[in-house]
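Data block below; observations after.
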Amino acid sequence: MTIRWLKYTGLVVPPLAWALNTQLGQVTPYTDCQRNGLWTAISCGILLLVSVAGVMVSRALSTGTAKSERVIADAGSLIALAFVFALSLQGAATVLLDPCQR
C-alpha cells in the first residue's frame, strides 16, 4: 500500500519543488549579495535533483500497473518534466545574473 502513492510523485514533487524555488528565489539573492554566497544556485540545484528523482520514481513504479494508473503516472511524468525544465531555466538565471544588481 505504501508504494501506491509513490507512483504519483511526478504530479506532486516537481511542482512543489518549483514553488519552493520560486519563493527562495525572492529571498536568497539578498543573502548572496551581502555574504558573496551561492545559496540561490545551491538551493536551485538541490531542488532540481529532488524534482528529477520524483520523475524517476514515478516512471520506475508505473510499469506493470492498471491502465488508468499508468495514464496518471505518465501524465505526471510529462507534467513533471515541464517543471524540471522550468527549474533548470531558473538555475541558469541564478548562475548568469549577479544577485547584487537591481
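Anything in the stretch 44-102 that is surrounded by 12 or more Cβ atoms within 10 Å (Cβ to Cβ), β-branched (V, I, T) and not in a helix (DSSP H, G or I)? List them, or say none.
T65
Here's the yes/no breakdown for (1) open to solvent by 60 Å² or more (accessible area, probe 1.4 Å); (2) free of Cβ contacts under 8 Å to residues at least 60 places away in the same chain; (3) assigned to a helix (DSSP H, G or I); (4) in contact with a helix residue (DSSP H, G or I) (Cβ under 9 Å, 6 or more places away or on another chain):
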| site | (1), (2), (3), (4) |
| --- | --- |
| R4 | yes, yes, yes, yes |
| G10 | no, no, yes, yes |
| V13 | no, no, yes, yes |
| N21 | no, no, yes, yes |
| Q26 | yes, yes, yes, no |
| T31 | no, yes, yes, yes |
| Q34 | yes, yes, yes, no |
| G37 | no, yes, no, yes |
| T40 | no, yes, yes, yes |
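The values are calculated or read from the model by the stated rules, or taken from the named source; none is laboratory data. The shown structure was predicted, so the numbers you read here are calculated from the model rather than taken from an experiment. Methodologically, a virtual Cβ is constructed for each residue, glycine included, from the backbone with ideal geometry; neighbour enumeration extends over all protein chains shown. Accessible surface is based on the protein model in full, side chains and every heavy atom, while ligands, DNA and RNA are left aside. Shrake-Rupley method; radii C 1.70, N 1.55, O 1.52, S 1.80 Å.
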